[in-house]
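The values are calculated or read from the model by the stated rules, or taken from the named source; none is laboratory data. Everything numeric in this text was worked out from a predicted model, so none of it was measured. Methodologically, a virtual Cβ is constructed for each residue, glycine included, from the backbone with ideal geometry; neighbour enumeration extends over all protein chains shown.
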Amino acid sequence: MSNDILNDLAYRKPITLRVYFKNIYDAIRTTLKGMSITIKYVYGVKPVTLEYPEVREELPANSRSRLFNDVENCISCMQCSAACPVDCIYISAVRREKEAPALKTKNGQAIRLDLTQYTIDTALCCYCGLCTTVCPTECLTHTQDYEFSQYTLDNMKYDYLDPQVRTWRNRLIKN
Ligand code: SF4
Ligand code: SF4
């Protein structure tokens, strides 16, 4: 036996019966505690994950996810694009014909321009919410949709005059 081992044995205190049983008790207690946590997760008593995509996380109502513009209530004031820090909102509009029937938004504002383009490049958007804050008709809102990945950056540009976008919004929001 090496000198180190002999020295170690010489200084080791003899274990009492009380300490011996306490060590056994601690070993059993800590093992059971650890196993109870493991069993809780294994048998789903306390699940921490979702079985995505069958089960989807519902975001809070005030979450800032994919934007939606209800273009029928947009007055083309361009305040949203002016507020956008990354210039990712592209708008164009033309003056309405004098003879054209008067149009109003749902909150009673006159629509004097015809929107000809309303596109948001969501690849550039940082979801700051400034555009929705300044919108006077509240037609521009964040939705809770977080599943809109695309294979190309170009496909991240959403044209809100495209009927497909409204179909998407109707599927998502039932009001
Ligand atoms: S959320 Fe922010 S970055 Fe995105 S479009 Fe609106 S203002 Fe621009
Ligand atoms: S701020 Fe609102 S009303 Fe004005 S252009 Fe933007 S979305 Fe339309």
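Before moving on, here are some points about what is shown:
- Residue tally, condition surrounded by 13 or more Cβ atoms within 10 Å (Cβ to Cβ) and part of a loop (DSSP other than H, G, I, E, B), over the stretch 63-87: 11
- Boolean, Tyr20 is modelled with pLDDT of 90 or more and part of a helix (DSSP H, G or I): yes
- Only one of Tyr41, Tyr90 that is more than 28 Å from Cys128 (Cα to Cα), of a type in the set (Ser, Thr, Tyr) and not in a loop (DSSP other than H, G, I, E, B): Tyr41
- Odd one out for Cys131 among (1) farther than 24 Å from Pro60 by Cα; (2) within 12 Å of ligand 2 (Cβ to nearest atom); (3) in contact with a strand residue (DSSP E or B) (Cβ under 8 Å, 6 or more places away or on another chain); (4) not β-branched (Val, Ile, Thr): (1)
- Qualifying residue in the stretch 40-49 (condition: outside the structural domain of Thr133 (by TED's automatic domain parsing), free of Cβ contacts under 8 Å to residues at least 24 places away in the same chain and under 19 Å from the mean Cα position of the chain (by Cα)): yes
- Candidates in the stretch 40-92 are the residues that are touching a Ser or Thr at 6+ places or on another chain (Cβ under 7 Å) and farther than 21 Å from Leu115 by Cβ; of these, the one that is modelled with the highest pLDDT is Ser65.
- When we screen Leu153, Leu140 for residues that are at pLDDT 90 or above and surrounded by 13 or more Cβ atoms within 10 Å (Cβ to Cβ), the only hit is Leu140.
- Within the stretch 115-155, the set of residues being in a helix (DSSP H, G or I) and away from ligand 1 (no atom under 12 Å from the Cβ) comprises Asp154, Asn155.
- Residue under evaluation Ser76, criteria (1) at positive phi; (2) of a type in the set (S, T, N, Q); (3) free of Cβ contacts under 8 Å to residues at least 24 places away in the same chain, criterion not met: (3)
- Selection status of Ile91, near ligand 2 (Cβ under 10 Å from one of its atoms), surrounded by 16 or more Cβ atoms within 10 Å (Cβ to Cβ) and over 28 Å from the mean Cα position of the chain (by Cα): no
- Yes/no for Leu103 being surrounded by 11 or more Cβ atoms within 10 Å (Cβ to Cβ) and either touching a Ser or Thr at 6+ places or on another chain (Cβ under 8 Å) or among the aromatic types (Phe, Trp, Tyr) (or both): no
- The stretch 44-83: number of residues that are touching a helix residue (DSSP H, G or I) at 6+ places or on another chain (Cβ under 6 Å) and either more than 29 Å from Cys131 (Cβ to Cβ) or more than 16 Å from ligand 2 (Cβ to nearest atom) (or both): 1
Residue-wise test of (1) over 24 Å from Arg171 (Cα atoms); (2) more than 13 Å from ligand 2 (Cβ to nearest atom).
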{"residue": "Ala100", "(1), (2)": "yes, yes"}
{"residue": "Thr105", "(1), (2)": "no, no"}
{"residue": "Gln109", "(1), (2)": "yes, no"}
{"residue": "Tyr127", "(1), (2)": "no, yes"}
{"residue": "Pro136", "(1), (2)": "yes, no"}
{"residue": "His142", "(1), (2)": "no, no"}
{"residue": "Tyr146", "(1), (2)": "no, yes"}
